[in-house]
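> There's a structure below that I have some questions on.
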Amino acid sequence: MAASSRWLVVGLALAAICWGSPGPASAQADTPVTLTLRGDETPETVRKMVDALSVGGRKVEVRLLAADAATPVPAQPVATPPPAVVAPAPADSRLEQLWDHFVDGFDHGNAAVPHVVELPADWKKGWADNRNGTTGLSAGWRILAGVVVALTGALLFRFATAGWFARRLHPAGPEFTARLTASAYGLLQDLACIALALALARLTRMLWLPEVDLAMTAFRTAANGAAIGAAYIAVGRFLVAPGSPERRVLPLPRAERHFAILTAYAIATPIIVTTALLLQGIATSPLALAGLVAIGSVAITLFKIWWFFDARHDLTTLVLRYDPAPGPGLRLLAAITPWFYIASAIAIWMVGRAAPMMAGGGRFVEAASLTQIIIVLAPILAVGVTSLIACRQARLAAIAPPPPMTQATGVAFRAAAGGVIWVGSLYVMARLWAGFLLGVTSTQFAEVTRQAAGLAILVFLGWVAIVFLRAFFDAYTPRAASGPFDEDAAVEESVPSRLATVMPVLRGVVLGAVFGLTGLVVLSRLGVDIGPLLAGFGILGLAISFGSQALVRDIVSGFFFMLEDAFRVGEYVDTGRLKGTVEKISLRSMQMRHQSGQIHTVPFGQIQQLTNASRDWATIKFNVRLDHSADLEQARKTIKKVGLALLEDPEFGPYFIAQLKMQGVADIADSAVVIRLKFTAKPAHASMVQREALKRVYRGLNEAGVPFASNAVTVRGGEGGATAGAAAAIAAVPPPSPLAPAAG
């Protein structure tokens, strides 16, 4: 269930931290700006001032000072025409324009901060104009009553359904699917409470605040903001399950701390945003609202930066724990993840500062807000979907191991499911930011988008094909021995099929071909002429073939060895000079491991002949020396009984092809009668079976009274028997070794 993929969960803990901080800045685009002129300005100066103030389609109200008075004379509002379509600016000038917009917006926001003190008076004036609450309860009490009704209804619903949900909040096991199901019930309960509270708030607003005024707008905006903040808290509870680690979907270190920070953020951010939205309609000075937005956006951005910096080690650990053996790429991704989120927070803040100074700046503020959501939701959805599919496949594999084709298809499907989410997210972000960063027209953007979409689909399909092929070849690739070879523990399945032996050789060729074809097609779609590349590769291949004849001989010899099925991985072979068990086969050579542990690498072109000792069956013949007085018929019957017992033995019987038996007398020596035994067994177990057969034959012949041959010399007496016997005994004693210590 560890997923493949698994490097992709860096944003799971941040589901609530990036909501809408630059949003109120878009209000400045619709607020009219007053320009007061003395009357002695040149037309060029007036035009530049109007152009600077009318960015974003804002209306500019021009006032002229009378010659003898300090009071400005109102003039008709000047509606700025929409900006004309111009040719796209070069990349360098476009970046310079963006930086200039940011600097202007930053200065404008800082200059507007002192005007924030005007907002309380504007609020007081707007609240005095409320039409709700003129009779009966005041508007403030009606809002308070609506809040009480909404919260009471949500709490009663939670209390009434607590028992039903409590039985389902305990996961059935430690698997991801079980934890996800239990957490999903908790999320369902939280969202149901939020939806009920929002519905009750809307109902009370319609009943008690029917007039459209500041009180009604404040209640509606505050209710929506509170619902959004509560929804993000619910998502945080779903992911980290504070107080219930057994159903935690996201194994984030210090989960309780991060949830507490998330809760504080989800409470404070809606307050800042809804305050700016409410003051947008009643602020008499656009500078006051701009100052409030500048302060709020800086506060939210600094909070996010601090949070990301505080969680840098936790995010790194979270990324690395999804791979038991992380590679350099995953380690690099884990190291840069927190800094990427810090940089994204700063970039989004900069866009929010630059938006009021740009034409259509409100659209880019919305793009920034959506980007914040995408960079959080993409990892959540991708990792969640792939983990869910992986758990499902693991459960099915536990019931019945899937064949290689099914296993490879499952891996490719899991990768494709996560890849679709990533590709879709990147496509949406490209749609949001391409026009902003590149400055292309709508027609040009549509053409670029069409070409980019086709190229992305091609790369995606090539990637899925590579994932499928790698999984397919890995399923057939024999597992290399992790320690010394234990002959007694060998099993028949240790020798793979012919297809499994050839698969590792084909793996590199096929994957290289797919990589190469995909790269060439991508280059062709990008407009690169691939004809010279193909010609160059052909010439390179010819040069290699002529310059390295030994390499060609090795490859051709290996091809015919594979075609003739001369050996497979796991079989014991003898090449005449070297022998051992085949462990690995490549396109040019094979690796054999000797019984003592050495690994021999033998190019195919150097193999003149090859003996395979592990194919089909093995007949083992061995001799036993009996005394001249032994009863050979009794020995034959005893050996036959031993052979039948071995056939019936549940441990050794399955390894026999032909039972153990005595062939007959092989030789008659001076001191023994040599009999020959043989049996036929599966080659991987022949040595083990022979050792067991010798042990049982020795025990059976001893029990049957059949004597074995001895090297002792028997001297029969005659005249002078005692003296002759002594002399014979002395003669039978071997002379002492020159290295033996002297006696006494």
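> So, residue 397, is that one of a type in the set (A, V, I, L, M) and outside the structural domain of residue 467 (by TED's automatic domain parsing) or not?
yes
> Do we have residue 186 as surrounded by 20 or more Cβ atoms within 10 Å (Cβ to Cβ) and either part of a helix (DSSP H, G or I) or within 36 Å of the chain's Cα centre (by Cα) (or both) here?
No; evaluated as a whole, the condition is false for this residue.
> What is the number of the single condition among (1) on the phi < 0 side of the Ramachandran plot; (2) at pLDDT below 80; (3) surrounded by 16 or more Cβ atoms within 10 Å (Cβ to Cβ) that residue 412 does not meet?
(2)
> Additional query: Restricting to the stretch 644-696, what's the tally of residues that are part of a strand (DSSP E or B) and aliphatic (A, V, I, L, M)?
The number of residues fulfilling the criteria is 12.
> Going through 450, 507, 525, 470 one at a time, which residue ends up being modelled with pLDDT of 70 or more and touching a Phe, Trp or Tyr at 6+ places or on another chain (Cβ under 7 Å)?
That would be 507, the only listed residue that is modelled with pLDDT of 70 or more and touching a Phe, Trp or Tyr at 6+ places or on another chain (Cβ under 7 Å).
> Still on this structure: Checking the structure you have, find out if any residue of the stretch 279-289 is in a helix (DSSP H, G or I) and in contact with a Gly (Cβ under 8 Å, 6 or more places away or on another chain).
No, every residue in the stretch 279-289 fails to be in a helix (DSSP H, G or I) and in contact with a Gly (Cβ under 8 Å, 6 or more places away or on another chain).
> Let me ask something else. Given the options 210, 171, name the one that is outside any helix (DSSP H, G or I), buried (at least 20 other Cβ atoms within 10 Å of the Cβ) and either at pLDDT below 95 or in contact with a Gly (Cβ under 7 Å, 6 or more places away or on another chain) (or both).
Result of the check over 210, 171: 171.
> Have a look at 606, 595 and point out the one that is closer than 24 Å to residue 508 by Cβ and of a type in the set (S, T, N, Q).
Exactly one residue qualifies, and that residue is 606.
Here's the yes/no breakdown for (1) under 28 Å from the mean Cα position of the chain (by Cα); (2) closer than 24 Å to residue 309 by Cα; (3) part of a helix (DSSP H, G or I):
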| site | (1), (2), (3) |
| --- | --- |
| 195 | no, no, yes |
| 219 | no, no, yes |
| 226 | no, no, yes |
| 232 | yes, yes, yes |
| 238 | yes, yes, yes |
| 269 | no, yes, yes |
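> If you don't mind, another one. Quick one: which strands (runs of 3 or more DSSP E) sit completely within the stretch 516-619 and have at least 2 residues that are within 40 Å of the chain's Cα centre (by Cα) and surrounded by 11 or more Cβ atoms within 10 Å (Cβ to Cβ)?
Counting at least 2 such residues, we get 579-585, 589-593, 599-603.
Condition check ((1) farther than 14 Å from residue 708 by Cα; (2) among the polar types (S, T, N, Q); (3) touching a strand residue (DSSP E or B) at 6+ places or on another chain (Cβ under 8 Å)) across all residues:
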position	(1), (2), (3)
614	yes, yes, yes
618	yes, no, yes
630	no, no, yes
640	yes, no, yes
670	no, no, no
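> For the structure I just gave you, tell me whether residue 218 is touching a residue at least 24 places away in the same chain (Cβ under 8 Å) and either among the aromatic types (Phe, Trp, Tyr) or within 30 Å of residue 137 (Cβ to Cβ) (or both).
Yes, satisfied.
> Can you tell me how many residues in the stretch 383-402 are in contact (Cβ under 8 Å) with a residue 40 or more places away in the chain and over 22 Å from residue 304 (Cβ atoms)?
The total comes to 9.
The values are calculated or read from the model by the stated rules, or taken from the named source; none is laboratory data. These numbers come from a predicted model, not from an experiment. Cβ: placed from backbone, ideal geometry, glycine included. Neighbour counts: every protein chain shown.
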